[in-house]
Amino acid sequence: MDSRKPLITVNKRPELIETRHHLHRHPELSGSEQSTAKFVAGRLRALGLDVHTGVGGNGVTASLSGGRSGRTLAIRADMDALPIQEQSDLAYCSSNPGVMHACGHDGHTTILLGTAEVLAAHRESISGSVRFIFQPEEETVDGARKMCSDGAMDGIDAIVALHGWPQVPLGQIGIRDGAMMASADTFDIAINGKGAHAAYPHTAVDPIVVGAQLVGALQNISSREIDPNQPVVVTVAQFHAGTAYNIIPETARIAGTIRTLSAEVRKTIPDIIRRIAEGVCAAAGATCDIRFREGSGPVLNDPQIADLIRDVGRNQLGPENVLEVPHSSMGAEDFAVYLDHAPGAMFRLGLGDTSPLHTPTFDFNDDALPIGVDLFVRIADRYLNQEDGCLAQS
C-alpha cells in the first residue's frame, strides 16, 4: 500500500459526516454526556472492542489488542458541548436549545470513532494495543482528572490528541515542542466591607470601590510581578455586588482565571494574588476571603512524540503542510492531565475558513474528518510498529 494513500476509503467519508452531524444535532453539556457516551459505546462494541463505560463519570474507553505484543498507545477525544445558542440554518443544527458543539468536540469524537474502525480492521497487523479515550467534561477541565483517577491511563506508554483549529488551513496541521497550551486555574474573592445608605458613603466601607481598586491592582501581576519572558494572564471575568441604587452593599465578589505556561510560575500566582488582595482590602478597612481552584496544567508536548506527528504529517500531507506553531496558546486544555501519566502531544488539525471556536456560528469542517482519521491511524501504526509501520506496507 502507498504510504501516503489514506486508509479511510472514499465510501467511508459519508459515514464520518453522518456521525458528525448526528453528534452536532444532539450536543450535551459537561457532565451530561449520557446519550453521547451511549452512542459512542455502541459504535465501539460493534467493532468488537473491549469497552468500558462510566469512566470518570460519562467517559468511555475501548481497547484494541493487536496481533503481536508491544507498547500501548492512547488516543483521546472529548465529547462535551458548550452553553451557547447556535446561530445557523444548518440541517443538522443543534436540537438542544442553548447548547451547541462550538469547540469541535463533535468532530474530535467522530475522528476517533473512525480511527477505531480502521485500526480494528487492521488489528492483526498491529504490535501492541490502542486505547481509545472518549472524555467528558473537557470544557470544565474536570473530565481528564476524573478519567485518570478511574484508571484510563493505567498501562499507557504514550498518548496523542488533536484539536480542530480554524486558523490553520484545511489540509495542514500545526505542532510544536513543549508548551502548546496554558494552565487554567480560577480564583474567587469575597470583599467584606460595611454597608450603608448610598447617600452617606463616609459611614461605609464600600466593597465596590475596594473591588475596583483590586481589579486594577491584579493587572500589575503580569507587568510588575512576573518576568516578562514568562507569559501569564490574570483576568477578572466577574464582578458582583449590590441590590439597589441607594444601598452600599456589605460584600462584593470578583472571580477570574489564571493562565501560565510554566509550572513554576503557576505555583507562585496564588500567593501573589493573596498578598495583593489582603493589602488592598486592609488599606481600605475591609477584609477578604479568597478561594483558588486548581484546573489543568500547561499542555507540554513531548519532543519525541511531536517529531513522530511531524514525520507522519509530512509523509501524508507533504512537508509544506506541517506548520510549526510559533506561539503557545493561552487557551487551556485538560489534555495536560494525561501528560502527567505518559509522554504525549497534541496537534492542531486545520479546519480552514470557519468561524472562530466558542462562537454561535462555528461548525467543524467535514472535509477535515478523513484527514484526522488518516493521521491518527498512521501515528498509531508508526508508534506501535515503529520505523515505517506495517499498515503502510500492507
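For a quick size check, give me the Cα extents of the range 184-296 along its three principal axes, largest first, whole Å.
Taking the Cα atoms of the range 184-296, the three principal extents are 47, 23, 18 Å.
Given a Förster distance of 56 angstrom, what is the FRET efficiency for Ala121 paired with Glu278, based on the Cβ-Cβ distance and rounded to 0.05?
0.35
Can you give the calculated 222 nm mean residue ellipticity of the chain, where each DSSP H run of n ≥ 4 adds -39,500 (n - 2.57) and the sum is split over every residue, rounded to the nearest 500 deg cm²/dmol?
So the calculated ellipticity at 222 nm is -9500 deg cm²/dmol.
Please give me the summed charge of the neighbours of Ala46: other residues whose Cβ is under 14 Å from its Cβ, Lys and Arg +1, Asp and Glu -1.
Working: positive: Lys38, Arg43, Arg45; negative: Glu15, Asp50, Glu117.
That sum, taken over residues with Cβ under 14 Å, equals 0.
Determine which residues of the range 118-160 fall in the zone a paramagnetic label at Gln304 would reach in this model, i.e. backbone nitrogen under 19 Å from the point 7 Å along Cα→Cβ.
Taking a point 7 Å out along Cα→Cβ of Gln304, the residues of the range 118-160 whose backbone N falls under 19 Å are 127-131, 154-160.
When the Karplus curve 6.51 cos²θ - 1.76 cosθ + 1.60 is applied with θ = phi - 60°, which whole-Hz ³J(HN,Hα) does each residue of the range 336-341 get, with x for Gly and Pro?
Once rounded to whole Hz, the list reads 4, 5, 5, 6, 6, 10.
If the cut-off is 29 Å between C-alpha atoms, which lysines fall inside it for Lys12, apart from same-chain ones fewer than 8 positions away?
Those lysines meeting the cut-off are Lys38.
Please give every one of the aspartates and glutamates within straight-line cross-link reach of Lys194, meaning a C-alpha to C-alpha distance under 18 Å, and leave out same-chain neighbours fewer than 8 residues apart.
Once the sequence-local aspartates and glutamates are set aside, what remains near Lys194 is Asp206, Glu250, Glu278, Asp289.
May I ask you to derive the FRET efficiency for Glu250 and Asp150 from their Cβ-Cβ distance with R0 = 35 Å, giving the value to the nearest 0.05?
On the way: r = 43 Å, r/R0 = 1.22.
So, using R0 = 35 Å, E works out to roughly 0.25.
Sorted from largest down, give the three principal axis spans of the alpha carbons of the range 142-214, whole angstrom values.
Largest to smallest, the principal-axis extents are 64, 37, 19 Å.
Quick check: Cα centre of the range 302-358 to Cα centre of the range 107-171, how many Å?
Centre-to-centre distance over Cα atoms comes out at 13 Å.
Would you calculate the separation in nanometres between label points at Arg224 and Leu170, each defined as 7 Å from the Cα along the Cα-to-beta-carbon direction?
Those two pseudo-labels are separated by 5.0 nm.
What do you get for Rg/Rh over the range 37-175 if you use C-alpha atoms and the Kirkwood form of Rh?
That ratio equals 0.99.
What angle do you read, to the nearest 10 degrees and between 0 and 90, between the alpha-carbon axis of helix 34-45 and the longest principal axis of the chain?
20 degrees
Looking at the calculated P(r) for the chain, what percent of the C-alpha pair distances fall above 32 Å?
That tail contains 40 percent of the Cα-Cα pairs.
Taking 7 Å along the Cα-to-C-beta vector as the label spot, tell me the His327-Glu294 distance in nanometres, rounded to one decimal.
That separation, rounded to one decimal, is 2.9 nm.
What distance in nm separates the simple spin-label points at Asp367 and Arg314, each placed 7 Å from Cα in the Cβ direction?
According to this spin-label approximation, the distance is 2.6 nm.
How high is the relative contact order of the chain, in percent, counting Cα pairs under 8 Å that sit 6 or more residues apart?
25 percent
Over the range 184-296, what is the mean sequence separation of C-alpha contacts under 8 Å (at least six apart), divided by residue count, expressed as relative contact order in percent?
Computed over the range 184-296, the figure is 44 percent.
Every read-out reported here was derived from the displayed coordinates using simple, explicitly stated rules and does not represent laboratory data. What you see is a predicted model; the values in this text were computed from it and never measured. Quick reminder, even Gly has a Cβ in these numbers, built from the backbone with ideal geometry, and neighbours come from all protein chains shown.
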